[in-house]
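Undergrad: Structure in structure tokens, see below.
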Amino acid sequence: MTLNALTDVAGVRVGHATRTGSGWLTGTTVVLAPEGGAVAAVDVRGGGPGTKETDALDPRNVVQKVEAIVLTGGSAYGLDAASGVMEWLEEQQRGVRVGTDPAHVVPVVPAACVFDLGRGGDFRARPDATTGRAAVEAAAASTPGSAVPEGCVGAGTGAVVGAMKGGVGTAGSVLDSGITVAALVVANAAGAAADPETGVLYGELFQGRVEYPAADVHEAARRRLAAVAENNAPPPLNTTLAVVATDAVLSKAQAQKLAGTAHDGIARAVRPVHLLHDGDTVFALATGGRPLDDGSPLALNDLLAAGADVVTRAIVRAVRAAESVDGPGGAWPSYRELYGASSGGGDVTRAR
């Protein structure tokens, strides 16, 4: 049974640490690989990313596998969350071995951040090492293959998409070959997720026939969003983060290609993306449980296409799962509040 989530990839776990209230509206999400690590790569398309340890994922460099990926709020300050994850991994003796003693490891923990500073009311309320440790401990304590909480949790707690509330979303697919590919995203963008002319989520236009919101409902939503955008000026900085995972056997170069093509999934669901002040970043993880059929380029192409598809669907789910926020740091209505829970096409799982 699949859950339509990143945890459909066997051995991959997800943990959130969420901080709200008393000036807080932020958090951290950790994707924990199976013990022994997963082949990892990254593709950064935004002109203003906030990242850590991404150079280690270059296929030309020595590190082959990582034990965890960190997605966090707090802008560059929040990257300190990775230190708490490193601390926990060292205690578990998980990481790159640098000596004969099993305790002599250096955990390589790539991380990327979104901008959510001040959205809870306190600019200094942001994730740190303790937040990262809480998130990785939550991941480790989760049941393998369990559902992943979506919406305003973890790194998506303070996320905003245009003038609407953003958050965390996840989606998965099983290919005809039996290979699983899945994604988890943090949707936090200056760009819009909904067509301003109709209110339909851009990402749902790629999933087949959609139900358009009634004209009066959309007009009311449009006026509300215009007022929110004016009151919450300046607009949010644009960052969508994603982790795409698969149980396929991939080289680092192939994983990097998967991360790159997955950006197409962001471009389908959010407009605009990949601009000068964006931090759009996609990580790829390959656990190596299933060979790519005969290893032909066509088999890899199926995986690459599916990776983009699950990212699009995960962004739709993030926006649909988000809840409205009205606090000292600003007010952002959710898509659900603006258009109703049943408006639009919903999520569709497709195998390629």
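Undergrad: Could you rank the peptides 300-307, 42-49 by their average count of other C-beta atoms within 10 Å per residue, with the highest value first?
TA: 300-307, 42-49
Undergrad: Calculate for the chain the 222 nm mean residue ellipticity that helices alone would give, adding -39,500 (n - 2.57) per DSSP H run of length 4 or more and normalising by residue count, nearest 500 deg cm²/dmol.
TA: -8500 deg cm²/dmol
Undergrad: Output wanted: per-residue J couplings in Hz (rounded whole) for the range 110-119, from phi through Karplus 6.51 cos²θ - 1.76 cosθ + 1.60, θ = phi - 60°, x for Gly and Pro.
TA: Whole-Hz 3J(HN,Hα) from phi for the range 110-119: x, 8, 8, 10, 10, 8, 9, 4, x, 6.
Undergrad: Output the direction-averaged projected area (hull surface divided by four) of the convex hull of the alpha-carbon atoms of the range 26-170, in nm².
TA: Projected area, direction-averaged: 9.3 nm².
Undergrad: Between GLY151 and residues 5 or more places away or on another chain, which pairs have amide H atoms under 5 Å apart, with H built 1.01 Å from N, and which residues are they?
TA: VAL168, GLY169
Undergrad: Continuing with this model, one more query. If amide hydrogens are placed 1.01 Å from N in the peptide plane, which non-local residues have theirs closer than 5 Å to the one on THR54?
TA: Here the answer is ALA111, since their amide H atoms fall under 5 Å of that of THR54.
Undergrad: In addition: For the chain, what are the DSSP H helices with axial Cα length of 30 Å or more and mean Kyte-Doolittle hydropathy of at least 0.5?
TA: 297-321
Undergrad: Normalised by the residues of the chain, what does the relative contact order come to in percent, with Cα pairs under 8 Å and at least six apart?
TA: So the answer I get is 24 percent.
Undergrad: For the range 46-113, just the Cα atoms, rotate onto the principal axes and tell me the three extents in Å, largest first.
TA: 41, 27, 12
Undergrad: While we're here: If I stretch the segment between VAL98 and ALA220 completely, what's the gain in nm (0.36 nm per residue apart, minus their alpha carbon distance), one decimal?
TA: Residue separation times 0.36 nm, minus the Cα-Cα distance, leaves 37.9 nm.
Undergrad: To the nearest Å, what is the center-to-center distance of the range 143-168 and the range 58-112, using C-alpha atoms only?
TA: 23 Å
Undergrad: Please compute the volume of the convex hull spanned by the alpha-carbon atoms of the range 1-88 and report it per residue in Å³.
TA: Roughly 140 Å³ of hull volume per residue.
Undergrad: Along its three principal axes, how long is the chain when you only count alpha carbons? Whole Å, largest extent first please.
TA: 66, 46, 36 Å, listed from the longest principal axis down.
Undergrad: Per-residue counts of other Cβ atoms within 10 Å, averaged by peptide: what ranking do you get for 56-63, 86-93, 256-263, 34-41, highest first?
TA: 256-263, 34-41, 86-93, 56-63
Undergrad: Per residue, how large is the accessible surface of the range 116-207? Use a 1.4 angstrom probe and give square angstrom.
TA: For the range 116-207, the solvent-accessible area averages 28 Å² per residue.
Undergrad: With a sphere of radius 11 Å drawn around the Cβ of THR180, what net charge do the other residues whose Cβ falls strictly inside it have (Lys, Arg +1; Asp, Glu -1)?
TA: Surrounding charge for THR180 is -1.
Undergrad: Let me ask something additional. Which percent of the accessible heavy-atom area of the chain goes to carbon and sulfur, probe 1.4 angstrom?
TA: Here carbon and sulfur together make up 51 percent of the probe-accessible area.
The values are calculated or read from the model by the stated rules, or taken from the named source; none is laboratory data. Just so we're clear, the structure is a prediction, and the values are computed from it rather than from any experiment. As a convention, Cβ positions derive from the backbone with ideal geometry for all residues, glycine included, and neighbour counts pool all protein chains shown. Accessible surface is based on the protein model in full, side chains and every heavy atom, while ligands, DNA and RNA are left aside. Shrake-Rupley method; radii C 1.70, N 1.55, O 1.52, S 1.80 Å.
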